[in-house]
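First up is the structure itself, then whatever we jot down about it.
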Amino acid sequence: MKKLLMVLMSLMLLVMAAGCGGSGEKKSAEQPKVLKVGTEPTFAPFEFQEKGSKEFVGFDMDLIRAIGKQLNMQVEIQNMGFDALIPALNAGNIDVAAAGMSITPDRQKAVDMSDPYYVSGLTIVVNKDNNAIKGLKDLEGKGIAVQIGTTGADKAAKVKGSKVKTFNTNAEVFLELKNKGVDAVIIDKPVAEYYLVQGGKDTAKLVGETMEAESYGFSVKKDSKLTPQINKALSDLKKNGEYDKIYEKWFGKKAAAK
Ligand code: ARG
């Protein structure tokens, strides 16, 4: 009899313990999961920090936050070097890179990239008093500043005899041009345009044609379940007008191509 009681009691304890585990699980399922986002925030108006602020702002930041909301996930953004983003994805330190990252075949070998969310291209920036450089051909043998790991860096490396200087941030890239440490910068056109509007036009100007039509996508670890989820959220945001709202906020005009 005593033995039976013991067995019954331990059974009850087991059931109670299982019950606790169950409710604990339920609780964590209700809480939104965290979406760990990596970015390199010297790329206004896509991702940047206002002077004296740690907050990440910009088109990509608003868009990834809206995607997180669609997915019922809590977005946490962290700052890292542009060339550290893909290694961080592959190491599982971040879930998504939101960094104005152009969709290229090379990157698609290393990571999955979402559907495109912005159509971009590269441009050349020179000092205002430079009348010798009018296009890519004139960059031969010249000094070019670029951000490390970018498509601008690839482009500069392909220019015959170019002396390429790579920097971690675009703040340093533009400063190097201003200080005449290089003859030109190769960078994404919307970022160059924003730089000029924000005061850069006092010393710098754009030259030549827009090069390399490139589209930006969010990067995710290869074969992650997140890629289709992000694509679905992105397409929902394009349909429900949210994407247009964010686009107009940062570019002051309607999106031509999405
Ligand atoms: N679109 C270019 C690329 O993919 C430059 C991106 C730089 N982005 C940044 N957040 N700094 O290489």
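The values are calculated or read from the model by the stated rules, or taken from the named source; none is laboratory data. All of these numbers come straight from a predicted model, not from anything done at the bench. In this analysis, Cβ positions are derived from the backbone assuming ideal geometry, glycine residues included, and neighbour counts consider all displayed protein chains.
So which residues in region 85-114 are closer than 19 Å to Asp188 by Cβ and free of Cβ contacts under 8 Å to residues at least 24 places away in the same chain? Of everything in region 85-114, those that are closer than 19 Å to Asp188 by Cβ and free of Cβ contacts under 8 Å to residues at least 24 places away in the same chain turn out to be Pro105, Asp106, Gln108. Residue selection: Lys189 satisfies the criterion of being surrounded by 15 or more Cβ atoms within 10 Å (Cβ to Cβ), within 16 Å of the ligand (Cβ to nearest atom) and basic (Lys, Arg). Summed over region 210-227, residues that are surrounded by fewer than 17 Cβ atoms within 10 Å (Cβ to Cβ) and more than 20 Å from Leu85 (Cα to Cα) total 2. Taken together, the residues in region 210-223 that are on the phi < 0 side of the Ramachandran plot and more than 18 Å from the chain's Cα centre (by Cα) amount to 2. Residues that are among the charged types (D, E, K, R), within 16 Å of the ligand (Cβ to nearest atom) and touching a residue at least 40 places away in the same chain (Cβ under 8 Å) were ranked within region 30-84; the one that is surrounded by the most Cβ atoms within 10 Å (Cβ to Cβ) is Asp60.
Out of the residues in region 174-200 meeting the condition of being of a type in the set (D, E, K, R) and part of a helix (DSSP H, G or I), tell me which one is nearest to Asp106 (Cα to Cα). Spell out how you get there, then give the answer.
Of the residues in region 174-200, the ones of a type in the set (D, E, K, R) are 176, 178, 180, 183, 188-189, 193.
Now narrow it down to the ones that are part of a helix (DSSP H, G or I): 176, 178, 189, 193.
Values: Glu176: 28, Lys178: 32, Lys189: 21, Glu193: 27 Å.
Selected residue: Lys189.
State whether one or more residues within region 201-221 are basic (Lys, Arg) and either in a loop (DSSP other than H, G, I, E, B) or modelled with pLDDT under 95 (or both).
There is at least one residue in region 201-221 that is basic (Lys, Arg) and either in a loop (DSSP other than H, G, I, E, B) or modelled with pLDDT under 95 (or both).
Taken over region 31-57, the residue count meeting the criterion of being part of a strand (DSSP E or B) and of a type in the set (S, T, N, Q) is 2.
Scanning region 156-173 for residues that are part of a loop (DSSP other than H, G, I, E, B), in contact (Cβ under 8 Å) with a residue 12 or more places away in the chain and among the aromatic types (Phe, Trp, Tyr) turns up nothing. Screening the candidates Leu89, Leu177 for the property of being modelled with pLDDT of 95 or more and either surrounded by fewer than 17 Cβ atoms within 10 Å (Cβ to Cβ) or more than 19 Å from Glu40 (Cα to Cα) (or both) yields one hit, Leu177.
Taking the criterion of being of a type outside the set (Lys, Arg) and within 12 Å of the ligand (Cβ to nearest atom), the residues of region 147-165 that qualify are Gln147, Ile148, Gly149, Thr150, Thr151, Gly152, Ala153, Asp154, Ala156.
Under 15 Å from the mean Cα position of the chain (by Cα) and more than 29 Å from Ala145 (Cα to Cα), is that true of Leu71? It is false that Leu71 is under 15 Å from the mean Cα position of the chain (by Cα) and more than 29 Å from Ala145 (Cα to Cα).
Can you tell me which residues in region 95-110 are part of a loop (DSSP other than H, G, I, E, B), within 12 Å of the ligand (Cβ to nearest atom) and buried (at least 20 other Cβ atoms within 10 Å of the Cβ)? Can you show your working first?
Step one: filter region 95-110 for residues part of a loop (DSSP other than H, G, I, E, B), giving 95, 98-101, 103-104.
Next cut, within 12 Å of the ligand (Cβ to nearest atom) only: 98-101, 103-104.
If the condition is that a residue be part of a loop (DSSP other than H, G, I, E, B), within 12 Å of the ligand (Cβ to nearest atom) and buried (at least 20 other Cβ atoms within 10 Å of the Cβ), then Ala98, Ala99, Gly100, Met101 are the ones that fit.
Let's see how each residue does on (1) among the polar types (S, T, N, Q); (2) more than 16 Å from Ala99 (Cβ to Cβ); (3) within 17 Å of the chain's Cα centre (by Cα):
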position: Lys155; (1), (2), (3): no, yes, no
position: Thr166; (1), (2), (3): yes, yes, no
position: Val173; (1), (2), (3): no, no, no
position: Ile186; (1), (2), (3): no, yes, no
position: Pro190; (1), (2), (3): no, no, yes
position: Val197; (1), (2), (3): no, yes, no
position: Gly200; (1), (2), (3): no, yes, no
position: Thr203; (1), (2), (3): yes, yes, no
position: Leu206; (1), (2), (3): no, yes, no
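Taking first residues from region 224-242 that are on the phi > 0 side of the Ramachandran plot and touching a residue at least 12 places away in the same chain (Cβ under 8 Å) and partners that are surrounded by fewer than 14 Cβ atoms within 10 Å (Cβ to Cβ) and outside any helix (DSSP H, G or I), no Cβ contact under 9 Å between residues at least 6 apart in sequence or on separate chains turns up.
If you go through region 113-148 and keep only what is touching a helix residue (DSSP H, G or I) at 6+ places or on another chain (Cβ under 7 Å), surrounded by fewer than 20 Cβ atoms within 10 Å (Cβ to Cβ) and either within 18 Å of Val96 (Cβ to Cβ) or among the basic types (Lys, Arg) (or both), you end up with just Asp115.
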